[in-house]
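Asker: Take a look at the following structure, please.
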Amino acid sequence: MISGRTELFGIIGNPVRHSLSPAMHNAAFRELGLDCVYVPLATDDIAAGVAGIKALGFSGASVTVPYKQDVIALVDELDPTAARIGAVNTLVIREDGPDSGGRTICGYNTDWLGANRALAGKIDLAGTRVLVLGAGGSARAIGLGLLKAGAEIVLANRTLAKGQALAHELGCPCHGLDELGQVSADVLVNTTSVGMEPDSGATPIRGDLLARFKVVMDIVYAPLETRLLREAAEAGCQTVNGLAMLLYQGAAQFKLWTGREAPVNVMRQALSSRFQQSER
Ligand code: ATR
């Protein structure tokens, strides 16, 4: 539904042409009969992009690669968890009230919420030991989120010094990828890009080490079933693919923007069918 009063949302990044978020959010708006639309907003100037959506009356936006860090300096208010993570993936733009006429941009991070909810469908995170592979921005967001959920985390990273720096910040141990045989945990989360197309024959951990985990999650969603997830399923683990995190971080955005519970089944369906189209 589009009208003279349609509320505007979008995804700011570069590139955003292949983003699955428009399909997911527009399906959710349609399902609830909301007069809202969500569009791709590619820009090579994040400051101009944020000023633009503010000036044009957008109600909110997703922020993606490469701007999740740079956008922090551009928001008026920053959610404390997003500040700790050091990345914003969601903007909420509020009218300041009838007298001021101004607008306030608030920055949030829903990636950690997405990861937690995706895992919570398989296992109770409180008191659970989780091995997180990687030490980049995704590992920081997911690691902090897992700690908030009461999990105990262990990091492992290719570049040990980088892993140790994040581990120090999170207050957890860190190993090299060559030491994974000695690490025990209930859950494994891959936050590295290993296994992503076109390198889908790669995997971050040997298949014979997977049987010890109850649940294995991969944030890579192209391909949908990475070699890691295929070998984990063969080893008897429950698996969580990268679309689950994408879905639930989007559901958390939807709640922030509309105040309504997101229709996750419709959103999942939209993601899957868009995904299958792009596979062809
Ligand atoms: P993101 O923001 O998505 O987390 P990032 O900050 O670039 O991305 O981090 C990428 C992570 O994937 C890092 O932990 C990186 O390991 P290094 O710190 O050693 O670079 C990891 N990674 C990327 N390619 C890898 C590979 N081929 N083997 C092992 N780890 C890899």
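Asker: Can you confirm whether Thr64 is within 16 Å of the ligand (Cβ to nearest atom) and buried (at least 16 other Cβ atoms within 10 Å of the Cβ)?
Answerer: So Thr64 passes the test.
Asker: Of everything in the range 24-59, what is in contact with a strand residue (DSSP E or B) (Cβ under 6 Å, 6 or more places away or on another chain) and assigned to a helix (DSSP H, G or I)? Give them in sequence order.
Answerer: His25, Asn26, Phe29, Gly49, Ile53, Lys54
Results for (1) open to solvent by 30 Å² or more (accessible area, probe 1.4 Å); (2) of a type in the set (Gly, Ala, Ser); (3) under 19 Å from the mean Cα position of the chain (by Cα), shown as yes or no for each residue.
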| residue | (1), (2), (3) |
| --- | --- |
| Glu231 | yes, no, no |
| Leu243 | no, no, yes |
| Gln253 | no, no, yes |
| Glu261 | yes, no, yes |
| Arg268 | yes, no, yes |
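Asker: Name every residue in the range 215-272 that is hydroxyl-bearing (Ser, Thr, Tyr) and assigned to a helix (DSSP H, G or I), in order of residue number.
Answerer: Tyr248, Thr258, Ser272 - these are the residues of the range 215-272 that are hydroxyl-bearing (Ser, Thr, Tyr) and assigned to a helix (DSSP H, G or I).
Asker: While we're on this one: Among the residues of the range 195-225, what is the count of those that are polar (S, T, N, Q) and within 20 Å of Gly143 (Cβ to Cβ)?
Answerer: 0
Asker: Quick check, is Thr90 touching a Phe, Trp or Tyr at 6+ places or on another chain (Cβ under 9 Å) and either open to solvent by less than 50 Å² (accessible area, probe 1.4 Å) or on the phi > 0 side of the Ramachandran plot (or both)?
Answerer: Values: touching a Phe, Trp or Tyr at 6+ places or on another chain (Cβ under 9 Å): yes; either open to solvent by less than 50 Å² (accessible area, probe 1.4 Å) or on the phi > 0 side of the Ramachandran plot (or both): yes.
For Thr90, the condition - touching a Phe, Trp or Tyr at 6+ places or on another chain (Cβ under 9 Å) and either open to solvent by less than 50 Å² (accessible area, probe 1.4 Å) or on the phi > 0 side of the Ramachandran plot (or both) - is met.
Asker: Any residue in the range 3-23 that's touching a residue at least 40 places away in the same chain (Cβ under 8 Å): show its pairings with residues that are basic (Lys, Arg) at Cβ separation under 7 Å, as long as the two are six or more apart or on different chains.
Answerer: Leu20/Arg274; Ala23/Arg274
Asker: Return the residue satisfying two criteria in turn: it lies in the range 67-88 and is more than 14 Å from the ligand (Cβ to nearest atom) and of a type in the set (Gly, Ala, Ser), and of such residues it is nearest to Leu113 (Cα to Cα).
Answerer: Taking the candidates together, the pick is Ala82.
Asker: Output the number of residues of the range 179-200 satisfying the condition of being under 17 Å from Leu228 (Cβ atoms) and either away from the ligand (no atom under 12 Å from the Cβ) or open to solvent by 60 Å² or more (accessible area, probe 1.4 Å) (or both). Give the derivation first.
Answerer: Here is the first cut: in the range 179-200, the residues under 17 Å from Leu228 (Cβ atoms) are 180-181, 183, 185-200.
Then keep just the ones that are either away from the ligand (no atom under 12 Å from the Cβ) or open to solvent by 60 Å² or more (accessible area, probe 1.4 Å) (or both); that gives 181, 183, 185-188, 193, 196-200.
So the answer is 12.
The values are calculated or read from the model by the stated rules, or taken from the named source; none is laboratory data. Predicted model, so just to flag it, every value in this text is computed and none were measured. A quick note on method: Cβ atoms are made from the backbone with ideal geometry, for glycine too, and the neighbour counts reach across all protein chains shown. Accessible surface areas use protein heavy atoms only, side chains included; no ligands, DNA or RNA. Shrake-Rupley method; radii C 1.70, N 1.55, O 1.52, S 1.80 Å.
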